[in-house]
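The values are calculated or read from the model by the stated rules, or taken from the named source; none is laboratory data. Computed from a predicted structure; not experimentally measured. As a convention, Cβ positions derive from the backbone with ideal geometry for all residues, glycine included, and neighbour counts pool all protein chains shown. For accessibility, only protein heavy atoms count, side chains too; no ligands or nucleic acids. Shrake-Rupley method; radii C 1.70, N 1.55, O 1.52, S 1.80 Å.
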Amino acid sequence: MSQKEDPQFKLMTTESIPRLIPRLAFPTLLSMLTTGIYNTADTYFVSQLGTSASAAVGVVFSLMALIQAVGFTLGQGCGSIISRRLGEKNIEAASVYASSAMAASIVFGIALSVVSILHLQGLVKILGATPTIIPYAMDYAKWILVGAPIIGSCFVMNNILRSEGHAAFSAVALTSGGILNVLLDPIFIYGLKLGTSGAALATLASQTVSFLIFIQFFIRKKGTVQLSVKRISAKVKTYADIISTGIPALFRQGLASIATILLNTNAGLYGDAAISAMTIATKIIMLSGSVMIGIGQGFAPVAGYNYGAGLYKRVREAFKFTLGVAFLLLLIIGANLFVFAKQIVSFFRDDADVIKIGAFALRAQAISIPLHAFIISVNMLMQSCGKRLQATFLSLNRQGVYFVPLIILLPRLIGLTGVEIAQAAADILSAVTAVPYLFLFFRELKREEKILPFNSPR
């Protein structure tokens, strides 16, 4: 099939950017918000059980972040490659990468489940659980671990579909599971009296529904990319390509896991209320930040497709549009979080200490949240265009290069306030660091345009 005959290629390389990115971003944004809402719903419903139960969600979040890290690494790694291969019209290569990433996610999920469940109590202690939090954390974590292969596979299939422009269907799969999770939480937690285990079981059930919706899309061969056992690669290079391309996501999400452990450990010095407060503030910021992730994931396949096709002007246009829209939205969200911080935290947990600590932390992060538009846009631009080293380093910054030393140093200098402001400080430093990388990338595009003087597809 020629480029002119391929409607998907034509859409991705000729449609107006202000129409194309919202078209791809809206369903992804909806799915991200739904995912964020049901994660926040877990926190809300479990928080009604008590401060220690609320803190348990924050402790286990670092484990969820690890599962997500691998899912995002394999998913975004193969997704970036797939969008460029489709831009080059190499559908078979795209299908091989997709099938191999899917197989790797299942194998990893099974291995993580077995090893972690066998050492569960020791694991939650390492994650930052205090003696009063451990029972709740174990009840929550065991079912999350059972679902690890399913959760990781959903991330991979989500990225495969988005990479070829089927963001709307991907949103249906994730949204359906998310709505189910919110409905099942109160039934399992209170109705069946399963406590924190009920919240985890609701998550497992919802992820299973999303998995089944995703997989039937591929079974019915509705997309361009095909998943099949025969296309699973036996070549080490295939997996090396996927991991090296997706490694920014591994560092970004993997460091989120490490950062959460350090956050819980340092907050735990000030009691379960501090862990609970930071859990609530973090979940709210994550829900707000999912706006940027959703917009960015609508932007990424556009950047990858057009970069692979040699349409560098459209890459620049897509980035500028994404940054402008995202910054405005996050500025509005941040202002509201700052003003209504106390009311928001008290909605989750009516505890004076939790409200005091959580509101201050939420306001600090609300100030820096508009910077996520720049930080994530630059990182996704680098990753989707195959700039692995740059994308990897930038993804290290927010949760690694800056947050990890700050969460260790600041509490020792200014006590609990250091715990509360560490993430905001890391965000500011990360945004500053991304500026020269963006400048150098755009300068490189101008050099490459001299090779393609008419900026026409390869």
Could you list, in sequence order, all residues of the range 48-72 that are open to solvent by less than 10 Å² (accessible area, probe 1.4 Å) and β-branched (V, I, T)? V57, V59, V60, I67
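Go through the range 106-180 and tell me which helices (runs of 4 or more DSSP H), entirely inside it, have 1 or more residues that are open to solvent by 10 Å² or more (accessible area, probe 1.4 Å), within 21 Å of N39 (Cβ to Cβ) and touching a Phe, Trp or Tyr at 6+ places or on another chain (Cβ under 7 Å). Lay out the reasoning, then the answer.
Numbers: elements: 120-126, 134-146, 148-163.
Per the criteria, 148-163.
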Checked pairs for the range 202-213, first under 20 Å from G191 (Cβ atoms) and buried (at least 24 other Cβ atoms within 10 Å of the Cβ), second among the charged types (D, E, K, R) and modelled with pLDDT of 90 or more, C-beta under 9 Å and 6 or more apart or across chains, list as A202/D185; T203/D185
In the range 293-350, residues that are farther than 22 Å from I369 by Cβ and either open to solvent by less than 40 Å² (accessible area, probe 1.4 Å) or of a type in the set (D, E) (or both) total 17
Go through the range 286-307 and give me each residue that's within 20 Å of Y437 (Cα to Cα) and either of a type in the set (G, A, S) or out of contact with any helix residue (DSSP H, G or I) (no Cβ under 7 Å at 6 or more places or on another chain) (or both). G296, A300, A303, G304
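For residues that are in contact with a helix residue (DSSP H, G or I) (Cβ under 6 Å, 6 or more places away or on another chain) and either modelled with pLDDT under 85 or surrounded by fewer than 13 Cβ atoms within 10 Å (Cβ to Cβ) (or both), scanning just the range 429-458, find the one that is farthest from L263 (Cα to Cα).
Keep residues of the range 429-458 that are in contact with a helix residue (DSSP H, G or I) (Cβ under 6 Å, 6 or more places away or on another chain), which gives 429-431, 433-434, 437-438, 445, 449, 455.
Those left that are additionally either modelled with pLDDT under 85 or surrounded by fewer than 13 Cβ atoms within 10 Å (Cβ to Cβ) (or both): 449, 455.
Details: E449: 45, N455: 48 Å.
Of everything passing the filter in the range 429-458, N455 is farthest from L263 (Cα to Cα).
Quick check, is I258 in contact with a Lys or Arg (Cβ under 8 Å, 6 or more places away or on another chain), modelled with pLDDT under 90 and open to solvent by 20 Å² or more (accessible area, probe 1.4 Å)?
Numbers: in contact with a Lys or Arg (Cβ under 8 Å, 6 or more places away or on another chain): no; modelled with pLDDT under 90: yes; open to solvent by 20 Å² or more (accessible area, probe 1.4 Å): yes.
Answer is no for this residue.
Check L63, L86 and return the single one that is in contact with a helix residue (DSSP H, G or I) (Cβ under 8 Å, 6 or more places away or on another chain) and more than 16 Å from I258 (Cα to Cα). Can you show your working first?
On the way: L63 fails: more than 16 Å from I258 (Cα to Cα).
Of the residues listed, the single one that is in contact with a helix residue (DSSP H, G or I) (Cβ under 8 Å, 6 or more places away or on another chain) and more than 16 Å from I258 (Cα to Cα) is L86.
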